[in-house]
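Working notes for the structure below.
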Amino acid sequence: MATSPKSLDPRTLAKLSGLRLRARRIVEGYVAGLHRSPRHGFSIEFAEHREYAPGDDLRYLDWKVFGRTDKFYLKRFEDETNLVCHIVFDASESMGFRGPQAAISKVEYAACLAASLAWLVLKQQDAVGLVTYDQQFRDELPPSNRATHLHQVIDVLERCQPHSPTATGPILKQLAQRLQRRSVVILISDLLSDTTQLLAGLRALHGRRHDIGVLQIMDPAELSFPFDRPTRFRGLEQLADVVADPRRLRAAYLAELEHHLASVRRACRECEIDYCLIPTDEPLDRALTSFLSRRMARASERSRPSNS
């Protein structure tokens, strides 16, 4: 390929001017050769019944028919539209963090991912929409599959200036109420918000049978807490600054972080959500390849006939 892996490294991308050029470089690198993303469980309308066969997805069993006939039948569906993908983008203040060794901030990295995903969705002639939020909805672009729609997506992402607290959980619950048709919903966030509300929001989307993906963006410093001398930690999202010796805090901080991450991973497994934790020093093509490959693997696993 014409594009080398090194050109997709965040330090190299940081030297490129403009999100359009960064997204193009990512997509034209390794990602452009990937298979089409799986399309299942969204934007579909009921068509007819058919008898259950081993290996069929049990979610589509019609229990009302079973109650009348004592036989298992599945609802069959027809695609009403192409894939509809909603990108939900966290633009809260914590996303503006950039650690001492990071080339770009979390929001810059996340914008590259979001623009690349939008590019890929439009490339396969499907529709993509974008919602940015902090403690409330900010910019909203309805789904479209027009080629010119990518410019609007990138314009919105480039305008993102993180400065307000986050409310990811409540935003997801509101979004679950607003999305009328089942869709692919890709959340891009650091997920540094109230865990209980966050999990409630994810479950609300799952309850509406949306096909959900979560890309958790973290700075390497947040994951390793490498500080080793008295430091002033600047408070984000209305928290006060704190001066502390990080060596006394490291163990407790890392334990609390792992507890939070474990809760998120567990909730995603329970709700069949494709989840990826992505540090901002990971090459963008590798991050997208990992995420899309997991989606394809899960789709293949669900469609594989049972041997029983």
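The values are calculated or read from the model by the stated rules, or taken from the named source; none is laboratory data. Please read these numbers as outputs of a predicted model, since none were measured by experiment. When we count neighbours, we look across all protein chains shown, and the Cβ atoms used for this are built from the backbone with ideal geometry, even at glycine.
Scan segment 120-155 for residues that are outside any strand (DSSP E or B) and either more than 24 Å from E93 (Cβ to Cβ) or of a type in the set (G, A, S) (or both) and the total you get is 15.
Looking at this structure, is E258 loosely packed, with under 13 Cβ neighbours inside 10 Å and either modelled with pLDDT under 90 or farther than 27 Å from L117 by Cα (or both)? In short, yes. The set of residues in segment 286-302 being surrounded by fewer than 16 Cβ atoms within 10 Å (Cβ to Cβ), of a type in the set (G, A, S) and modelled with pLDDT of 70 or more consists of S290, S293, A297. Every test in (1) touching a helix residue (DSSP H, G or I) at 6+ places or on another chain (Cβ under 8 Å); (2) surrounded by 22 or more Cβ atoms within 10 Å (Cβ to Cβ); (3) at pLDDT below 95; (4) among the small types (G, A, S) is passed by S183 save one, and that test is (1). All conditions but one from (1) closer than 20 Å to A115 by Cβ; (2) in contact with a strand residue (DSSP E or B) (Cβ under 6 Å, 6 or more places away or on another chain); (3) not in a helix (DSSP H, G or I) apply to L191; the one that does not is (1). For segment 133-169, filtered to residues that are closer than 29 Å to S263 by Cβ and small (G, A, S), the residue that is surrounded by the fewest Cβ atoms within 10 Å (Cβ to Cβ) is S164. Return yes when Q197 is assigned by TED's automatic domain parsing to the domain that holds L257 and more than 23 Å from L223 (Cβ to Cβ) and no when it is not. Judged against the criteria, Q197 is not a match.
Just one of the listed residues (A103, A127) is among the aliphatic types (A, V, I, L, M), over 15 Å from L187 (Cα atoms) and surrounded by fewer than 20 Cβ atoms within 10 Å (Cβ to Cβ), namely A103. Within segment 47-101, take every residue that is among the hydroxyl-bearing types (S, T, Y) and assigned to a loop (DSSP other than H, G, I, E, B) and give me the one that is modelled with the lowest pLDDT. Selected residue: T81.
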